[in-house]
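Notes to accompany the following structure.
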Amino acid sequence: MASSDPVTTGNEFFDKLSFGGKVKDLKNGKGKMSTFPDTSTVVFRPVSSSDGSPAMDIVVQGLSGLDYKIPFVKEVG
């Protein structure tokens with residue numbers, strides 16, 4: 001997702017998507033995670049290990065087994 005401020009946008013997304021879950025800081029101090037009663041998770045890392053941009057991982061439990069990664073990148077233009 002392109003944004004003029006990727007970290008702020010990622011934090012705002014996390015705040016909305018984590019609602020109703022139990023939020024805690026990651027053990028390595030590199031982000032935060034929300035876990036829901038069905039064990040689905042939302043994880044936000046301000047600096048990803050892949051390319052350094054902020055990223056969010058969403059894992060939805062259940063029959064679908066959905067797993068999403070959303071990178072937050074600086075807008076160009």
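The values are calculated or read from the model by the stated rules, or taken from the named source; none is laboratory data. Remember, it's a predicted structure, so these values are computed and weren't measured experimentally. Don't worry about glycine lacking a Cβ; one is built from the backbone with ideal geometry, like all the others, and counts go over all protein chains shown.
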| task | Could you list, in sequence order, all residues of the range 1-52 that are closer than 21 Å to VAL73 by Cα, among the β-branched types (Val, Ile, Thr) and without any contact (Cβ under 8 Å) to a residue 60 or more places away in the chain? | result | THR8, VAL42, VAL43, VAL47
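Among the residues of the range 53-77, count how many are without any contact (Cβ under 8 Å) to a residue 60 or more places away in the chain and within 16 Å of PHE13 (Cβ to Cβ). Steps first, answer last, please.
We begin by selecting, within the range 53-77, every residue without any contact (Cβ under 8 Å) to a residue 60 or more places away in the chain; these are 53-69, 77.
After this cut, where a residue has to be within 16 Å of PHE13 (Cβ to Cβ) as well, the list is 53-60, 68-69.
Looking only at that region, the number is 10.
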| query | Is one or more of the residues making up the range 27-38 farther than 23 Å from SER4 by Cβ, modelled with pLDDT of 95 or more, surrounded by 11 or more Cβ atoms within 10 Å (Cβ to Cβ) and among the small types (Gly, Ala, Ser)? | reply | yes
| Residue under evaluation ILE58, criteria (1) under 17 Å from MET1 (Cα atoms); (2) over 10 Å from the mean Cα position of the chain (by Cα), criterion not met | (2)
| Residues located in the range 12-29, provided they are of a type outside the set (Val, Ile, Thr) and either within 13 Å of ILE70 (Cβ to Cβ) or in a strand (DSSP E or B) (or both) | GLU12, PHE13, PHE14, LYS16, LEU17, LYS22, LYS24, ASP25
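Output the residue which, of all residues in the range 44-53 that are under 15 Å from ASP5 (Cβ atoms) and in contact with a strand residue (DSSP E or B) (Cβ under 7 Å, 6 or more places away or on another chain), is modelled with the lowest pLDDT. Before you say what the answer is, go through the steps one by one.
Keep residues of the range 44-53 that are under 15 Å from ASP5 (Cβ atoms), which gives 44, 46-47, 53.
Still in the list and also in contact with a strand residue (DSSP E or B) (Cβ under 7 Å, 6 or more places away or on another chain): 44, 53.
On the way: PHE44: 97, SER53: 92.
Among them, the one singled out is SER53.
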| For the range 45-52, does any single residue satisfy the condition of being of a type outside the set (S, T, N, Q), exposed (fewer than 15 other Cβ atoms within 10 Å of the Cβ) and within 16 Å of ASN11 (Cα to Cα)? | yes
| Enumeration of residues in the range 30-77 that are outside any loop (DSSP other than H, G, I, E, B) and polar (S, T, N, Q) | SER34, THR35, THR41
